[in-house]
There are 2 protein chains.
Amino acid sequence: MHVLILGAAGMIGRKLTARLVADASLGRRAIERLTLIDIATPQVPARAPFPVAAEACDVAAPGAAEQMLIGKPDVIFHLAAIVSGEAEADFDKGLRSNLDGTRRLLDAIRGEMAGHPPRVVFTSSIAVFGAPFPDAIPDSYHHTPLTSYGTQKAICELLLADYSRRGFLDGIGIRLPTICVRPGKPNKAASGFFSGIIREPLNGEEGLLPVGEGVRHWHASPRSAVGFLIHAATIDTGSLADRRNLTMPGLSVTVAEQIAALRRVAGERVAGRIRREPDPVIARIVEGWPRNFDAERAGKLGFTLLEREFDDIIRFHIDDELGGRVS
Amino acid sequence: MHVLILGAAGMIGRKLTARLVADASLGRRAIERLTLIDIATPQVPARAPFPVAAEACDVAAPGAAEQMLIGKPDVIFHLAAIVSGEAEADFDKGLRSNLDGTRRLLDAIRGEMAGHPPRVVFTSSIAVFGAPFPDAIPDSYHHTPLTSYGTQKAICELLLADYSRRGFLDGIGIRLPTICVRPGKPNKAASGFFSGIIREPLNGEEGLLPVGEGVRHWHASPRSAVGFLIHAATIDTGSLADRRNLTMPGLSVTVAEQIAALRRVAGERVAGRIRREPDPVIARIVEGWPRNFDAERAGKLGFTLLEREFDDIIRFHIDDELGGRVS
């Protein structure tokens with residue numbers, strides 16, 4: 001089979017690529033070709049057991065989506081997006097990339113792949129929900145996003161479902177939790193500290209905490225996120241009926257629980273590298289974010305969270321990113 | 001103030017126009033100008049106490065929306081849409097009119113009216129919801145439309161809310177119940193019989209009933225619908241916070257209850273003109289439709305249903321459309 005990853009240069013895209021290269025198959029089918037696309041040319045993995053093509057392409061550019069489909073992919077992972085902060089700061093850019101780009105992709109699939117609808121796995125976001133919230137947000141909760149990013153994701157979910165209902169494609173939208181621990185450098189995302197307070201102390205650096213320890217949020221490890229994507233690509237979509245979008249499982253933990261887990265896994269010396277530096281702007285943004293979900297539907301459909309407690313999330317990070325060692 | 005009605009030639013548009021001409025004001029402000037727009041030139045009402053312009057224009061045509069805004073309307077009623085059946089039969093036409101047309105309108109407002117955001121009253125639909133349903137659908141229920149029409153309306157709701165949140169306009173989306181009794185000729189809409197079994201017998205004609213009498217649905221009179229539009233145009237939108245779209249009040253009644261009401265209001269002779277002609281296709285379509293809502297939020301915000309029971313809906317029709325007489 002031919003697999004296409006759109007947004008392959010991002011963190012999740014790179015981890016998904018590595019997993020597909022390691023597995024050499026998706027579900028029960030062998031992978032025969034892999035195409036990696038992003039705004040900048042994604043890196044081609046070494047020693048892949050199948051041909052890998054990498055291309056720089058902007059899906060929102062006219063004709064680009066049609067070009068991407070020439071190789072008739074069987075499975076398309078659509079991970080490409082302008083992130084939340086940027087979509088909020090630059091309204092036109094967010095609309096163009098997150099909404100118009102996805103629409104162009106879906107329309108190109110409809111036009112170019114009629115009769116052979118590919119599986120389309122779309123990464124949506126818990127940002128489709130907006131406060132005030134119930135204690136645990138069910139899949140049946142309405143979408144009242146409080147950001148343009150969340151609005152654009154919610155619209156893409158609706159398009160994905162309708163294009164699937166009409167048989168133009170075979171779509172599934174998965175709302176990922178906040179991914180923790182995100183590897184790499186600190187970034188300016190308002191959510192960055194959830195990873196930063198773990199990642200930086202484990203690297204021997206100071207981790208800044210801009211909010212109170214009572215703040216609760218919804219997390220999943222990169223390992224789990226990749227597992228969700230693989231499962232979404234291989235699930236029998238008949239089991240979804242016409243409800244093609246769903247919230248993925250996660251762990252609902254407070255910052256205090258994150259810190260306690262870090263202390264248990266890496267010791268007081270590491271946990272002591274967290275520095276409290278309250279930032280009222282970030283605190284206010286985070287106030288509007290979801291804290292907890294009831295992801296019962298995803299669980300019944302076989303989406304499995306690999307971590308049982310936040311300690312596991314930290315251990316996965318140490319194993320996958322730090323070669324098992326803590327500074 | 002200057003009021004613009006987009007979709008003014010439709011049934012609701014005509015009734016809204018008549019109401020504005022009769023009132024000569026909207027809320028506490030006098031109407032100074034009224035502009036009526038539709039695909040075909042709307043009729044200009046006689047004896048309006050203010051200038052009325054009527055134009056044929058397709059909001060989905062490039063540049064058309066900008067042209068409409070030259071007169072800087074203070075309030076825009078956006079009622080224009082391809083109906084459900086047509087949007088399902090012709091996917092491209094529905095997308096173009098119901099989604100792209102609305103997007104063009106919102107973008108034109110953003111571009112042309114910066115600093116003077118108009119009130120935009122958008123008629124959404126209960127078709128944003130899709131079965132299976134709870135007994136009474138709350139405002140907090142998710143949007144999983146089962147038609148392209150419902151998908152397009154749900155997307156426009158999301159855009160309306162985000163453009164409002166950003167201050168580009170001051171939007172409110174109202175999900176109208178099925179309007180009953182629709183005046184005029186029978187049409188081919190799957191929902192047509194809900195009005196037809198009342199309207200045709202009252203006209204001395206046979207009314208066809210294609211479904212069982214146990215079918216329950218959600219109705220409001222044209223009078224109530226116009227009242228909702230007026231209230232939406234004049235409400236303090238601060239009370240909506242960022243949740244700009246809401247389900248309007250209605251009556252949840254079964255077909256048997258409709259028929260019993262017709263018998264009470266117009267007698268056995270009229271009710272006897274209903275002919276059962278089961279149509280499994282229509283029965284299956286209607287199976288997926290909402291039956292009942294909890295419109296508590298709209299009630300608290302002052303949206304008032306004028307009818308207390310289905311008998312009132314029939315009486316309004318007799319008064320407004322039949323000069324008080326039954327054949």
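All of the numbers you see were taken from the coordinates with simple rules; none came from a lab. Here the structure is a predicted model, which is why all the values come from computation and not from measurement. A quick note on method: Cβ atoms are made from the backbone with ideal geometry, for glycine too, and the neighbour counts reach across all protein chains shown.
When the Gaussian network model of chain B links Cα atoms closer than 10 Å, the mean-square fluctuations of B:Gly250, B:Gly173, B:Gly272 top out at B:Gly272. For chain B, the longest principal axis of the C-alpha atoms and the axis of helix B:101-112 are separated by about 30°.
Listed values for region B:173-180 are Karplus-derived 3J(HN,Hα) couplings in whole Hz (6.51 cos²θ - 1.76 cosθ + 1.60, θ = phi - 60°), namely x, 10, 8, 6, x, 5, 7, 8, and x replaces Gly and Pro. Per-residue 3J(HN,Hα) values for region A:28-39, derived from phi via the Karplus relation 6.51 cos²θ - 1.76 cosθ + 1.60 with θ = phi - 60°, read 9, 9, 5, 7, 9, 8, 10, 10, 10, 10, 7, 4 Hz in sequence order (x marks Gly and Pro). How far, in degrees from 0 to 90, does helix A:148-165 lean away from the longest principal axis of the Cα atoms of chain A, to the nearest 10? Result, in degrees: 40. Separation of region A:146-178 and region B:152-211, taken as the distance between their Cα centroids, equals 26 angstrom. Using the alpha-carbon centroid of each, what span in Å lies between region B:227-281 and region B:92-145? Using only Cα atoms to place each centre, the spacing works out to 21 Å. Karplus-based coupling profile of region A:312-327, in residue order and whole Hz: 4, 4, 5, 4, 4, 5, 5, 5, 7, 10, 10, x, x, 10, 10, 6, with θ = phi - 60° in 6.51 cos²θ - 1.76 cosθ + 1.60 and x standing for Gly or Pro.
Using a Cα-Cα cut-off of under 18 Å, which aspartates and glutamates could be cross-linked to B:Lys185, ignoring same-chain neighbours fewer than 8 residues away? In chain and number order, the partners are B:Glu86, B:Glu200, B:Glu205, B:Glu206, B:Asp319, B:Asp320, B:Glu321.
Straight-distance candidates among the lysines for linking to A:Lys300, with alpha-carbon spacing under 24 Å and chain neighbours fewer than 8 residues away dropped: A:Lys153.
For the peptide B:97-106, the mean number of other protein chain Cβ atoms found within 10 angstrom of a residue's Cβ is 1.
Sequence-distant contacts, meaning Cα pairs under 8 Å at least 6 residues apart, place the relative contact order of region B:148-270 at 33 percent. Put simply, the amide H of A:Gly171, placed in the peptide plane, has neighbours under 5 Å in A:Val120, A:Ser164, leaving out anything fewer than 5 places away on its chain. Residues in region B:2-18, backbone N under 13 Å from the label point at B:Val44 (7 Å along the Cα-to-beta-carbon vector): list them, ranges by number please. Residues passing the 13 Å test: none.
Sorting B:7-19, B:218-230 by average packing, meaning the other beta carbons within 10 Å per residue, from highest down gives B:218-230, B:7-19.
Sort B:71-84, A:87-100 by packing, meaning the average of other beta carbons within 10 Å per residue, with the highest value first. Write out the running numbers ahead of the final one.
On the way: B:71-84: 21.4, A:87-100: 18.6.
Averaged packing, sorted descending, gives the order B:71-84, A:87-100.
Summary value for chain A: 17 percent relative contact order, contacts being C-alpha pairs under 8 angstrom separated by 6+ residues.
How much length is gained if the chain between B:Asp236 and B:Lys93 is pulled fully straight, taking 0.36 nm per residue apart and subtracting their Cα-Cα distance, in nm to one decimal?
Details: separation 143, 0.36 × 143 = 51.48 nm, distance 3.48 nm.
Length gained, B:Asp236 through B:Lys93: 48.0 nm.
For the peptide B:241-247, the mean number of other protein chain Cβ atoms found within 10 angstrom of a residue's Cβ is 3.
First check a/c for region B:1-117, with a ≥ b ≥ c the square roots of the eigenvalues of its C-alpha gyration tensor; if it is under 1.5, answer rounded, and if not, answer prolate when a/b is larger than b/c or oblate otherwise. Oblate, since a/c reaches 1.5 and b/c is not below a/b.
For the segment A:151-158, counting C-beta atoms of other chains within 10 Å of every residue's C-beta and taking the mean gives 6.
Of the residues B:Pro290, B:Ile314, B:Leu208, the one whose Cα sits farthest towards the positive end of the charge dipole of region B:181-327 is B:Leu208 (charges of +1 on Lys and Arg Cβ, -1 on Asp and Glu Cβ, taken about the Cα centre).
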